[in-house]
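Before any comments, here is the structure.
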Amino acid sequence: MNILSIESSCDETAVAILHADDPKGLKTIPKNPHFDLKSNIVNSQIDIFKAYGGVIPEVAARSHLEAILPALHQALDDANYTWPDIDYISVTHTPGLLGSLLIGTLTARTLAILHNTPFYPVHHLKSHIYANWLNTEKTPEFPLLALVISGGHTQIIKMTAHNNFEIIGTTLDDAVGECFDKIAKILGLPYPGGPSISKAAANGNPEKYQFPHPKVDNYDFSFSGLKTAVLRTVQKELNKPISFPSHELAKLLTDQQVSDFAASFEKTAVDILLEKLAKALKDNPETNSIVFAGGVSANQSLRDAAIEKYQGIPLFFPDKKFTGDNAAMVAAATFYEITSGIKPADPYHLDLLPRSPIH
Ligand code: KG4
Ligand code: ZN
């Protein structure tokens with residue numbers, strides 16, 4: 001089967017075509033499917049938003065509008081396919097920026113109607129989790145715990161089977177990726193903050209500044225306090241009052257101070273994430289795999305610390321080309337919906353509300 005998927009939830013216009021080596025119409029989940037990613041177009045708007053230090057939703061939506069049709073043509077060309085080769089169409093349905101989502105969903109719905117192709121709207125976080133199934137050599141075993149860490153979400157999700165999700169922890173305020181982005185801005189590092197913090201942190205001392213860990217119950221997270229703690233420490237380090245504007249601080253910092261702040265913040269964020277995951281793991285001893293998902297799962301310090309901390313339990317990280325937003329992960333999630341017997345949606349009648357917390 002050939003699945004064409006579209007992703008446009010934030011600032012990447014992405015189209016992928018995934019070929020799965022199973023007969024069309026297969027209705028059982030194969031243990032080790034063979035995937036051939038025929039095309040994987042990711043048209044990023046990062047260069048546009050670098051100038052602003054963050055995403056402007058209206059500009060993102062307009063950029064998707066310009067990029068979506070060329071990306072579709074390119075995906076078909078790369079695969080050497082025409083429309084009759086496509087058996088299923090899927091799209092990131094929610095969550096994300098409304099204007100951005102509308103471009104992808106309307107395009108996918110129109111194509112599904114035009115070509116009379118079964119249509120699957122897929123939850124964005126589910127796709128991030130399923131990026132871990134793109135590598136079919138070794139796939140996660142259930143029950144598993146997924147740490148979903150992106151620009152918009154920070155969650156611990158329990159899965160007992162394919163398509164079965166229970167959100168057991170979530171952030172009460174900011175997402176961890178958002179925190180990376182905001183602290184990068186304070187330190188004068190370019191958007192997106194995650195990779196630039198990591199780069200600066202490589203030359204820094206992670207023990208130089210101590211930031212408090214939030215006291216939050218259960219498996220929930222909080223990152224707004226950490227953001228404020230970094231801001232206050234930068235102001236103190238520079239002998240500035242708390243009323244001193246945050247955008248004026250970066251130019252007063254030396255490169256070494258920037259690196260030390262980046263390293264100390266990164267270490268604190270990683271520790272907070274892994275401590276909560278350890279608590280969830282302790283309370284769910286039947287867990288067979290730990291899965292990392294979302295843009296922040298590209299973070300190498302997090303990967304190294306997790307490998308060190310959780311010896312004895314299989315850990316899964318997406319290939320780095322599938323950690324950020326892309327459509328290949330949407331196609332992988334779609335494959336497991338199709339083979340689980342989940343029915344396609346009606347492309348004529350779709351609203352942007354999720355059908356369940358993470359469908
Ligand atoms: O999953 P994603 O691409 O988009 C959303 O669904 O939100 O995640 C984007 C987030 C951004 O906040 C970005 O700064 C962060 O992922 N990120 C990283 C790294 N690469 C991207 N955070 C930490 N370390 C990285 N290497
Ligand atoms: Zn994402």
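The values are calculated or read from the model by the stated rules, or taken from the named source; none is laboratory data. Bear in mind that the values here come from a model prediction, so they are computed numbers and not experimental data. Ideal geometry is used to build each Cβ from the backbone, glycine not excepted, and the neighbour counts take in all protein chains shown. For accessibility, only protein heavy atoms count, side chains too; no ligands or nucleic acids. Shrake-Rupley method; radii C 1.70, N 1.55, O 1.52, S 1.80 Å.
Relative to the longest principal axis of the Cα atoms of the chain, helix 255-283 runs at roughly 60 degrees. Scaling the Cα radius of gyration of the stretch 241-299 by the globular reference 2.2 N^0.38 Å produces a ratio of 1.68.
With axes computed from alpha carbons, what is the tilt in degrees of helix 224-237 against the longest principal axis of the chain, rounded to the nearest 10 within 0 to 90? Approximately 30 degrees, to the nearest 10. When the pairs 208/309; 38/309; 215/343; 138/279; 50/279; 138/227 are compared against a 31 Å limit on Cα-Cα distance, 38/309; 215/343; 50/279; 138/227 fall above it.
Over all directions, the projected convex hull of the C-alpha atoms in the stretch 216-359 averages 13.3 nm² in area. Taking N as the residue count of the chain, its C-alpha radius of gyration divided by 2.2 N^0.38 Å amounts to 1.01.
Selection among 331, 177, 96 by position relative to the dipole of the chain gives 177 as farthest towards the positive end (Cβ unit charges, Cα centre).
Per residue, the convex hull around the alpha carbon atoms of the stretch 187-272 comes to 99 Å³.
If I model a spin label as a point 7 Å beyond the Cα along the Cα-Cβ vector, how far apart are those points for residue 208 and residue 346 in nm? Result for the modelled spin labels: 6.0 nm.
Measuring nothing but how far apart in sequence close Cα pairs (under 8 Å, 6+ apart) lie, relative to its length, the stretch 170-263 scores a relative contact order of 43 percent. Against the main long axis of the alpha-carbon atoms of the chain, helix 98-115 sits at an angle near 10°. DSSP beta bridges confined to the stretch 84-173 are antiparallel in about 70 percent of cases.
Towards the positive end of the charge dipole of the chain, with charges on Cβ (+1 Lys, Arg; -1 Asp, Glu), say which of 350, 49, 82 has the farthest Cα. Ranked along the dipole, the leading option is 49.
Remark on residue 223: its backbone amide H falls under 5 Å from those of 172, 173, 174, a criterion applied only to residues 5 or more positions apart or on other chains, H modelled at 1.01 Å from N.
The phi torsions of the stretch 132-148, fed into the Karplus equation with coefficients 6.51, -1.76 and 1.60 and a -60° offset, translate into couplings of 6, 9, 5, 8, 7, 5, 9, 10, x, 10, 8, x, 10, 10, 10, 9, 9 Hz, rounded to whole numbers, with Gly and Pro shown as x.
Rolling a 1.4 Å probe across the protein heavy atoms gives the stretch 51-175 an accessible surface of 40 Å² per residue.
When both bridge partners sit in the chain, DSSP labels roughly 60% of those beta bridges antiparallel. Under a model in which nothing but the beta-carbon of Lys, Arg (+1) and Asp, Glu (-1) is charged, the chain shows a dipole of about 560 debye around its Cα centre. Packing here is the average count of other Cβ atoms within 10 Å per residue, and on that basis the peptides 196-206, 52-62, 168-178, highest first, run 168-178, 196-206, 52-62. For the stretch 1-98, with all protein chains in place and a probe radius of 1.4 Å, 53% of the accessible heavy-atom surface sits on carbon or sulfur. Taken about its Cα centre, the stretch 27-118 carries a charge dipole of roughly 300 debye when the Cβ of each Lys and Arg holds +1 and the Cβ of each Asp and Glu holds -1.
Between 115, 64, 19, the residue with the greatest mean-square fluctuation in the GNM of the chain (Cα pairs under 10 Å linked by springs) is 115.
Heavy-atom accessible surface of the stretch 207-359, averaged per residue, reaches 47 Å², computed with a 1.4 Å probe.
Start at zero, step by 10 Å, and the Cα-Cα distances of the stretch 23-78 spread as 18, 31, 25, 18, 7 percent across the bins.
Close amide H pairs (under 5 Å, H built 1.01 Å from N) link residue 294 with 149, residues at least 5 positions away or on another chain. If you roll a 1.4 Å probe over the stretch 199-258 with all protein chains in place, what percent of the accessible area is carbon or sulfur? So the carbon and sulfur contribution to the accessible surface is 50 percent. Take the Cα of residue 217, step 7 Å toward its Cβ, do the same at residue 85, and the gap between the two points is 5.5 nm.
Given axes a ≥ b ≥ c from the Cα gyration tensor, I'd like to know whether the stretch 275-359 is rounded (a/c under 1.5), prolate (a/b larger than b/c) or oblate. Prolate.
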